Amino acid sequence: MIHNEPDPNEAARPSGQILTFQLRRRGKPQPASAPPPHAGFGDGDPLDDLALYEDEDRNIDYRHRMMMNVIAVVVVSLLVGLGVWIADTIAAMEKAQDCIMQGRQNCAPIKVEALKH
């Protein structure tokens, strides 16, 4: 059985190509110009660009971050609960209005507890 293994030299070669797009204008066609220079593109090690953000990770206050996460969960839970309550209230009101509009009686029954002797 023959296995197709990737060529290690192939990964080292650049495989991308940058294309420049020009706006189409009505009238005379514009002559093609040289592509604009790309300052900083492909220069140096890409990991050096991430060095700008490394110091930021060291100064994270995890206690404050967790407190903000807890507060966010509480606020979202309250909003979801309030939304469910409003939807239930609107559905109950709609049901009562439908009952009244149909001319029915006893649409909103009054609950009375039985007296014990």
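The lone criterion from (1) of a type outside the set (Asp, Glu); (2) more than 32 Å from the chain's Cα centre (by Cα); (3) at pLDDT below 90 left unmet by Tyr62 is number (2).
Only residues that are in contact (Cβ under 8 Å) with a residue 12 or more places away in the chain and assigned to a helix (DSSP H, G or I) were counted across segment 60-117, and they come to 1.
The values are calculated or read from the model by the stated rules, or taken from the named source; none is laboratory data. Small disclaimer: the values here were computed from a predicted structure and weren't measured. Heads up, the Cβs are rebuilt from the backbone with ideal geometry, glycines too, and the neighbour counts pull from every protein chain shown.
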